[in-house]
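The values are calculated or read from the model by the stated rules, or taken from the named source; none is laboratory data. This structure is a prediction, so every number in the text was calculated from the model and none was measured. Here the Cβ positions follow ideal geometry from the backbone for every residue, glycine too, while neighbour counts run over all protein chains shown. What goes into the accessible areas is simple: the full protein's heavy atoms, side chains included, and nothing from ligands, DNA or RNA. Shrake-Rupley method; radii C 1.70, N 1.55, O 1.52, S 1.80 Å.
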Amino acid sequence: KGIFIVAAKRTPFGTYGGKFAKTSALELQSVAAKAALAAGGVKPENVDSVVIGNVLMASASDGGFLPRHTLLRSGIPVDRPALGVNRLCGSGFQSIINGA
């Protein structure tokens, strides 16, 4: 076993109140997670755990369970753990460190 970063995806930036204003954090995160799995050629059942970097999760109506629901929507088995990291601008990098 080892730690492997085989792909990474992120959601796009938009303007405040723009095209993504009515798109939930969960919808955006699920698209990014599925795209990362596909880009890396990783089957969801091969994922041991999930660590998601997201800024201000608590401000979104679906943010409290964002890591868990993203895991489930991505087809990763229900018995795998999921962790959310909010370190503002460093959330993505911190999630890599926590995963390692």
Lone unmet requirement of (1) open to solvent by less than 30 Å² (accessible area, probe 1.4 Å); (2) on the phi > 0 side of the Ramachandran plot for residue 63: (2)
Among what's in the range 33-60 and is buried (at least 17 other Cβ atoms within 10 Å of the Cβ) and under 10 Å from the mean Cα position of the chain (by Cα), pick the residue that is nearest to residue 81 (Cα to Cα). 50
Name the single residue that is modelled with the lowest pLDDT among those in the range 71-100 being of a type in the set (Val, Ile, Thr) and open to solvent by less than 30 Å² (accessible area, probe 1.4 Å). 85
Are any residues in the range 45-67 more than 16 Å from residue 99 (Cβ to Cβ), polar (S, T, N, Q) and outside any loop (DSSP other than H, G, I, E, B), and if so, which ones? 59
Residue 42, sole failed condition from (1) part of a loop (DSSP other than H, G, I, E, B); (2) among the hydrophobic types (A, V, I, L, M, F, W, C); (3) touching a helix residue (DSSP H, G or I) at 6+ places or on another chain (Cβ under 7 Å): (3)
Residue in the range 9-34 that is nearest to residue 97 (Cα to Cα), counting only those that are among the aliphatic types (A, V, I, L, M) and in contact (Cβ under 8 Å) with a residue 40 or more places away in the chain: 33
